[in-house]
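Engineer: First the structure, which I've put down as structure tokens, then a few questions once you've had a look.
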């Protein structure tokens, strides 16, 4: 799903006590503005962003991801945590071309076998407090001890 943004100006033209015209004018969001949105919200080190982390969705008990899911409540899935350390941080480069991309790989080294069913992006390195930005699911992929997932993530503003 693409995120589409637009703005709208509302104009009233008055002369003295008389309203001459009233109209709404849609605006185009500039590429610089869209890149700034990506940098400020998703970019690491942006004024309002904080850090973001990539996590894994477990195939066990999976039924669906839902746009209403939160980090605290996601009845269609559970997080897979059988990898070393916390969720890896999603490190980004500066937004460019209306996209913000990983600048480094996020690596998961598995400490137990299992099956990965999807990814998530969250504002917390572990646990259920924080913001759930994104989820996705795919055909389950089995992993063994010592396997690694190397992940990159990109967001585009249309």
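Rule-based calculations on the coordinates, nothing more; no lab input. It should be emphasised that the depicted structure is a prediction, and the values quoted were computed from it without experimental measurement.
Engineer: If you count the DSSP beta bridges with both ends in the chain, what percent of them are antiparallel, to the nearest 5?
Structural biologist: Taking every DSSP beta bridge with both residues in the chain, the antiparallel ones total about 95 percent.
Engineer: Quick one: grab the alpha carbon gyration tensor of segment 7-156, order the square roots of its eigenvalues as a ≥ b ≥ c, and give me rounded if a/c is under 1.5, else prolate or oblate depending on whether a/b is larger than b/c.
Structural biologist: Cα axes put segment 7-156 in the prolate bin.
Engineer: Rounded to the nearest 500, what is the 222 nm mean residue ellipticity of the chain from helices alone, with -39500 (n - 2.57) per DSSP H run of 4+ residues and division by all residues?
Structural biologist: That comes out to -2000 deg cm²/dmol.
Engineer: Please state the relative contact order of segment 34-134 as a whole percent: Cα pairs under 8 Å, 6+ residues apart?
Structural biologist: Computed value for segment 34-134: 35 percent relative contact order.
Engineer: Still on this structure, I have one more. Enter the angle in degrees (range 0 to 90, nearest 10) between the Cα long axis of helix 31-41 and the first principal axis of the Cα atoms of the chain, meaning the one along which they spread out most.
Structural biologist: 50 degrees
Engineer: Determine the gain in length on full extension of the stretch residue 63-residue 14; use 0.36 nm per residue of separation and subtract their C-alpha separation, reporting nm with one decimal.
Structural biologist: The span from residue 63 to residue 14 would gain 11.9 nm if fully extended.
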